[in-house]
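One structure is given below, encoded as structure tokens.
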Amino acid sequence: MQRTELLHCYRKDVAVMNIAWYSEDRPFAVGYADGKLLIGCKEALENGSVVIIDAHKESVNSLHWAPGGQILLSCAKEETVCLWAESGAGLGRSWVCLQTIVHPSVVNAVAWGCQNGLVSVWTVPQDPLVFSKSSSPSTDAWWETESKSKPR
């Protein structure tokens, strides 16, 4: 295995929090402590190979590529999850936020686990007794009930 330094991804005085790479011939994503995302390619000389996005207000917690490698899921130490995709071609290429999903509390991690494109978001209560109080077998219904009962 050969080691390659990706110097074009370096940002002075900003910590790297997460890295997600779908495959070597596809773009990779870097999440930083200042909430920015870098989408880049291994070869720095390609036009548009590095894009920096003001993705989140807080430090990026987690990044994950969709099973097909076309959509990037990100979250930070805040109450949102973002879905990102490449838009345009050639020099007009950019990355856009397809969807922002708001959650009632800070999101700690994101992951893709299914092949049907469904995005599930839930809160796991710290009190295990809360689970036994929920009579619904559906986590979506439980989350809806839980989020509605919280004071705003």
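The values are calculated or read from the model by the stated rules, or taken from the named source; none is laboratory data. Note that the structure is predicted; figures quoted are calculated from it, not measured. Here Cβ is always computed from backbone atoms with ideal geometry, including for glycine, and neighbour counts include all displayed protein chains.
Considering only residues in the stretch 5-40 that are assigned to a loop (DSSP other than H, G, I, E, B), at pLDDT 90 or above and touching a strand residue (DSSP E or B) at 6+ places or on another chain (Cβ under 6 Å), the one that is farthest from Ile71 (Cα to Cα) turns out to be Val14. In this structure, is Val107 modelled with pLDDT of 70 or more and assigned to a loop (DSSP other than H, G, I, E, B)? Answer is yes for this residue. Of all residues in the stretch 81-95, those being modelled with pLDDT of 90 or more and under 18 Å from Tyr32 (Cα atoms) number 4.
Being surrounded by fewer than 14 Cβ atoms within 10 Å (Cβ to Cβ), assigned by TED's automatic domain parsing to the domain that holds Val14 and within 13 Å of Phe28 (Cα to Cα) is the requirement here; does Gln70 meet it? So that I can check it myself, show each step before the final result.
Details: surrounded by fewer than 14 Cβ atoms within 10 Å (Cβ to Cβ): yes; assigned by TED's automatic domain parsing to the domain that holds Val14: yes; within 13 Å of Phe28 (Cα to Cα): yes.
It is true that Gln70 is surrounded by fewer than 14 Cβ atoms within 10 Å (Cβ to Cβ), assigned by TED's automatic domain parsing to the domain that holds Val14 and within 13 Å of Phe28 (Cα to Cα).
Do we have any residue at all in the stretch 43-52 that's of a type outside the set (Val, Ile, Thr), assigned by TED's automatic domain parsing to the domain that holds Ser105 and modelled with pLDDT of 90 or more? There is no residue in the stretch 43-52 that is of a type outside the set (Val, Ile, Thr), assigned by TED's automatic domain parsing to the domain that holds Ser105 and modelled with pLDDT of 90 or more.
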